[in-house]
1. Could you go through the range 95-105 in sequence order and give the Karplus-derived ³J(HN,Hα) for each residue, using 6.51 cos²θ - 1.76 cosθ + 1.60 with θ = phi - 60°, rounded to whole Hz, and x for Gly and Pro?
2. Using the Cα gyration tensor of the range 51-92, with a ≥ b ≥ c the square roots of its eigenvalues, what is the shape: rounded (a/c below 1.5), prolate (a/b larger than b/c) or oblate (neither)?
3. Run the numbers for LEU32 and GLU248: contour at 0.36 nm per residue of separation, minus the present Cα-Cα distance, in nm.
4. Among residues other than TYR103 whose Cβ falls under 9 Å from its Cβ, what is the net charge (Lys/Arg +1, Asp/Glu -1)?
5. Report the full-extension gain for the segment ASP22 to ARG91: residue separation times 0.36 nm, less the Cα-Cα distance, to one decimal in nm.
6. Give me the one-decimal nm value for the distance between modelled label points at ARG226 and GLU80, 7 Å along each residue's Cα-to-Cβ direction.
7. Of the options VAL147, SER50, LEU187, report the single residue whose Cα projects farthest towards the positive end of the charge dipole of the chain (beta-carbon charges: Lys, Arg +1; Asp, Glu -1).
8. Determine ³J(HN,Hα), in whole Hz, for all residues of the range 219-224 in sequence, where each value follows from phi through the Karplus function 6.51 cos²θ - 1.76 cosθ + 1.60 and θ = phi - 60°; x replaces Gly and Pro.
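Only the coordinates and a few stated rules stand behind these numbers; no lab work does. In this text, all values refer to a predicted model and were calculated from it rather than measured experimentally. Quick reminder, even Gly has a Cβ in these numbers, built from the backbone with ideal geometry, and neighbours come from all protein chains shown.
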Amino acid sequence: MNTKPFTSGLSENAVTITRVADRQWHALDDDLVVGRGHAQHRPDGRLFVSIDTWHDAPFDRLAEAMLAELPAPLCTVVDEADVELTARWQRAGFTIRRREWEYEVPTDPRVTGLGAVLPPAGVTIVPAGEADERLLRAVDRAIRDEVEAGVGWQSMPAEVVPRTEGDTIVDPSMYAVAAAPDRYLGLIRVVRVKRPRIGLVAVRAGEQRRGIARALLAHALGTLHRSGCAAAWTEVDESNRAASALFESIGARPMNSNLELVR
């Protein structure tokens, strides 16, 4: 455990920054925890940091201690409406890398206009929980390789669902797929934790612009609607105009935005 004393201004006592576990720090003021810092690798390999405190002084000192021990580059995500927190990270040397919009997506086909949407000829939609795991992993890897060779996977929404190291499929039962007779052409992942979230919808590069993504959305949103969910959520990078256009065309509304900062 590493301990570094600082003068906080919170009281007459010194604030100490203590590493309490691997990649976890506490700011203590007279044995009272006044701040917490945490670092975690996301599934895409990036190291994200977070600091939870109400006060500027513990934040600055937690940031100083964490940055001294953690390897660069470091990332963090903040609600763009939280101007104060954004300023704190910028004071610690972080800069804004990208903006991610959070959309509320209706599920009612009378609103989305997806009720009559079908996949293109020769393509079928395999419901979540019924996909062949070998073919699912093959299409996931192919799509990830295509994205990495183009804009790079770091342009995709930050993935936060825990998974086994080296495994990009979180839970095969979460994925519905678009299937050709010999392989899968696209996939959609819906995570149902607190509220339904569309974590990923993607199609192989050579199969795009055929309506496959729209058919996957029609299937997933229709399934949610029949189960009683009025809306789902998703995140879209501001630079991904095609994805924004797709979701807005079915009535999705941007509700707020997050900033990804990097140091």
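1. For the range 95-105, the Karplus-derived couplings read 10, 6, 9, 7, 10, 10, 8, 9, 10, 8, 10 Hz, x marking Gly and Pro.
2. oblate
3. On the way: separation 216, 0.36 × 216 = 77.76 nm, distance 4.74 nm.
Full extension of this stretch gives 73.0 nm more.
4. On the way: positive: ARG253; negative: GLU102, GLU104, GLU235, GLU248.
That works out to -3.
5. Working: separation 69, 0.36 × 69 = 24.84 nm, distance 2.48 nm.
Here the answer is 22.4 nm.
6. The two pseudo-label positions are separated by 3.7 nm.
7. LEU187
8. Per residue, the Karplus-derived 3J(HN,Hα) values read 5, 5, 5, x, 4, 5 Hz.
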